[in-house]
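Read the structure below first, then the notes.
No value in this document is a laboratory result; all are computed from the given coordinates. All figures in this text were calculated on a predicted structure; none of them were measured in a lab. Note that we place each Cβ from the backbone using ideal geometry, even for glycine, and neighbour counts take in every protein chain shown.
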Amino acid sequence: MDRCIVLVDAGYLLGAAASLLAGEPSRSRITVDHTALIQGLRDRAESDTSRPLLRIYWFDGAPDRVPQPEHRRLRVMPRVTVRLGALTRSDGRWAQKGVDAAMHAELTELARNRACSDIVLVTGDGDLLPGMMAAKEHGVAVHLWAVQAADGDYNQSEDLVAEADERRVLDRAWITKAVRAKEDHSGVCAPAPAARPEIAAILSAPLPESAPAPEEESAAQESPHPAAAGPNGTGERAPAAKGVPTPKDLAALRGPGVPHPHPPQSATLRWSSDKGWIDRPVAEPPEAASMPTLAQMTTAEQRWADREEDITTVGGDPFEVGQVFARRWVERLGDQAGIQKLSGMYPRIPHRVDGELLRYAARFGLLAHKDDQIDERDRYAIRAGFWRELDVRTGTDRAPVGD
């Protein structure tokens, strides 16, 4: 058949792109426009082979082979089929299992059935050499594509390179049409995302009075409080305050037996708002605890529609995720008094709603693999998006920090 098929090893493609743009092969260091990437693969394949595309097979790993948000978005795209292997964690690193075997089986089966005249392989693994040789024996032309290596050398098996009929390198200019490095790592070619004043205000908020200045913190570490002496009479250092201290941190800074400068009910914490530091009571007020969650207000039909929207239109930007969640919550609550009551709780999101918001955000791959928690800046962005959408709905105009 005079058609071409593309087989993509996503671990190789995105890992090599991360090495090229961010300096290390961690996919968490890059963001990917999958729509642009798939279109780029299709255009390049049809141009190189002079054949129309039949299909793109996307091979990737996933924990317990459960599709992740990017896989759900990919598999509803035209001419894209997703094949998942297992993703396991060992010694703090993630490794794919079964992806190479699945690619080998698909490659040989397509060639045996004469489903196409040309197959494009985007991979670097030498384990696919037998499959490549079998495809050639069935009369299929095999094109091998590489991602430009960060060190200028090959990042593919030498045997695989030697056996291919045609070879191409996807260079930095091609990669950056769909992939960019997060933040300002070296090698970034794509434009950085636009700064959001709301998030900048949150992160630049002043420290509370109860948190020590850097000089005081250093002095406290060098000269621990006498009351903090250990059982052998030696001083024990109080834990250093973090950028966002918790009540436990503040208690540790005082040392045992030292009166707290503020009563317990006014422990100072940073919340995700443009107010920066605020006073938070120990317990939530009753009206906050009684606020319904989104799940409680969502019907089975709405849940299905939400899932489709998440797959097809929600990009996964933390600020956008917070807005989408807030929009659904406000529209389903319907009660204007309840919406105004929530707006009056700013910047504190009721605990149950906030937990549900962060669990929803985790579906978009915002978890940091090293500790399975959402990055602090992303949490601020998620909650800032929530409040921005609520403010738009209620017509509230909140003054930024310093006004």
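Quick one: pull the percentage of alpha-carbon pairs in the range 1-95 with a separation above 22 Å.
On the way: 1436 of 4465 pairs.
Result for the distance tail: 32 percent.
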Original post:
What's the Cα-based Rg to Rh of the range 56-97, Rh via Kirkwood?
Top reply: 1.04
Original post:
Using modelled amide H (1.01 Å from N, peptide plane; none on Pro or chain starts), what sits under 5 Å from the amide H of V169, excluding residues fewer than 5 places away?
Top reply: A146
Subject >> Environment charge at A17 (Cβ cut-off 13 Å; Lys +1, Arg +1, Asp -1, Glu -1) >> reply: +2
Original post:
Quick one: Karplus J couplings for the range 288-294, per residue in order, coefficients 6.51, -1.76, 1.60, θ = phi - 60°, nearest Hz, x for Gly and Pro?
Top reply: 6, 5, 8, 5, x, 7, 5
**OP:** For an R0 of 35 angstrom, estimate the FRET efficiency from the Cβ-Cβ distance between T312 and D151 and round to the nearest 0.05.
**Re:** 0.35
**OP:** Could you pull the Cα extents of the range 34-78 along its three principal axes, largest to smallest, in whole Å?
**Re:** 38, 16, 13
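Going by the alpha-carbon gyration tensor, a ≥ b ≥ c the square roots of its eigenvalues, is the range 4-181 rounded (a/c under 1.5) or, if a/c is not under 1.5, prolate (a/b greater than b/c) versus oblate? Can you show the working numbers first?
Values: a/c = 1.35, a/b = 1.28, b/c = 1.06.
Because its axes are fairly even, with a/c under 1.5, the range 4-181 counts as rounded.
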